[in-house]
Amino acid sequence: MSGRTPVPPPPDGAGVTPRRLGIVADDLTGAADSAVPFAAGGATVFLLRDASVSPDPDGQGPLTVLAVATGTRALGPAAAAERTVEAVRDLLRLGCDRIYLKVDSTMRGSVAGQLRGALAAWSTEHAGAFAVLCPAFPGQGRTVLDGEVLVHGTPLHRSAASRDPVTPVVRSFLSELVPGSLALGEPVHSGEVRHADASSDLELDALAATIDGFGPAAVAAGSAGLASALARRWATTAPGSEPAVTTASRILVAVSSLHPTTAEAVERVRESGVDVLRTPAGPRGDAARTAHDFGIEVAERLRQNDYDALVLVGGDGAAAVLDRVGATGIALHSALLPGVPLGTVAGGRADGLRVVTRSGGFGDASGLLEIVRRLRSVH
């Protein structure tokens, strides 16, 4: 740590609620998952496909959240770092005064590269920038104990994440998953990545208070769990008015995730009479091409049919669909169910279409069917 500038410990009450929070996620569903808790707290929230086109960026409330997805989940560390640099720079240009790096709760993808890129870009405006990492999401069974990531109590390298067809995870300790990272403690130095434990929402709330106290130099990094804790701290106004939500009678479920939990879920939804499209499994190197082709297929189905709700499962495919229909993003309103964002498509040929996003790695086989049931009954 020689030559690094120490970051002083945060004084009591040093935290300042941001006016504009930027969220950078490695895939689109992750961006939505981490942004929607702020909408529930009254913030104005946009998930942007193009950071140069920001709809009403000032919003109506005291906090605006702008989320972008980099599509770095399957990339190597260097490419992931480069894309993250670009995304953080875009958010700085849009006036974001705090940043959140959303990573997968099971550490899939090039998390170390994303952290490196975020710090490189953020440090250009915030001297002494450092990162605080905690991927815990207790509500989904993801916890961190003594620096080890657990999934329902099982070490990460023995969980379903180790069998992911695109980005398998073969280690469990954060010090190995992000080489050079250290347990959170004092003093913290510029450029460092510090990781923290959390096994409950109360512990995440305490960590959010610490991150808040560090001030803008701290790059918070984690899953939707830590994002929700920060939302409980920063987005505390009464929720604003939301668009009227009516029952959806024609629903298209588009599943691009290859996660092992999705296969049974898809069959249950098909049996309920809902239209379902699922991307076929392909060689690992063809992930980008598969997502692109899936976007074309879903866009064509939307063109041919008058759907009133679209459910997108899997980040890469969701991004490809939005790009294919020319959307500039999604205006996020609320959670249809815990951890299931509900919004409307902004711009393009699907403008105004109700859309739900969901990570392929969350929930059990009944979760997707519950989303459909909720859309059919909501008023």
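What the table below lists for this structure:
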read-out	value
Within the chain, percent of DSSP bridges classed antiparallel, to nearest 5	35
Area of Arg301 that stays accessible when all protein chains are in place (1.4 Å probe, Å², to 10)	70
Unit charges on C-beta of K, R, D, E only; dipole of the chain, Debye	400
Accessible carbon and sulfur surface of segment 60-171 relative to its total accessible area, %, 1.4 Å	50
Estimated distance in nm for a label pair at Arg374 and Ala78, the labels positioned 7 Å out from Cα along Cα-to-Cβ	4.2
Accessible area per residue, Å², segment 259-361 with all protein chains present, probe 1.4 Å	42
Tilt relative to the chain, helix 77-93 - C-alpha long axis, 0 to 90 degrees, to 10	90
Estimated vicinal HN-Hα couplings, Hz - segment 330-344 in sequence order (Karplus 6.51, -1.76, 1.60; Gly, Pro = x)	10, 8, 8, 10, 6, 9, 5, 9, x, x, 10, x, 10, x, 10
Solvent-accessible area of Ser256 with every protein chain in place, 1.4 Å probe, in Å² to the nearest 10	20
Calculated [θ] (222 nm, deg cm²/dmol) that DSSP helices of n ≥ 4 give over the chain, each run adding -39,500 (n - 2.57)	-10000 deg cm²/dmol
Given charges at Cβ of Lys, Arg, Asp, Glu: the chain dipole, positive-most of His157, Ala221, Leu332	Leu332
Per residue accessible area in Å² of segment 64-126, where ligands, DNA and RNA are left out and the probe is 1.4 Å	32
Among [x] 60, 23, 14; [y] 30, 26, 23; [z] 32, 23, 19, the entry that matches semi-axes √(5λ) of the Cα gyration tensor in Å as calculated here	[z]
Within-14-Å neighbourhood charge of Val144 [Cβ basis; K, R +1; D, E -1]	-4
Helix 262-271 axis, angle to the chain major axis (alpha carbon atoms, nearest 10°)	30
Placed amide H near Ala136: partners under 5 Å, 5+ positions off or other chain	Ser223
HN-Hα J in Hz across segment 292-305 - Karplus 6.51, -1.76, 1.60, θ = phi - 60°, x for Gly and Pro	4, 5, 5, x, 4, 5, 5, 4, 5, 5, 5, 5, 7, 10
Under-5 Å amide H pairs with Asp275, H placed in peptide plane, nonlocal only	Ile251, Val253
Principal-axis tilt of helix 28-40 within the chain, Cα atoms, nearest 10 degrees	80
Calculated from backbone phi, Karplus (6.51, -1.76, 1.60) coupling profile of segment 189-197 in Hz, x at Gly/Pro	10, 4, x, 7, 10, 10, 10, 10, 7
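The values are calculated or read from the model by the stated rules, or taken from the named source; none is laboratory data. Not measured: the values here are computed from a predicted model. Because the Cβ atoms are built from the backbone with ideal geometry, glycine has one as well, and the counts that use them run over all protein chains shown. Surface areas here come from the heavy atoms of the whole protein model, side chains and all, with no ligands, DNA or RNA. Shrake-Rupley method; radii C 1.70, N 1.55, O 1.52, S 1.80 Å.
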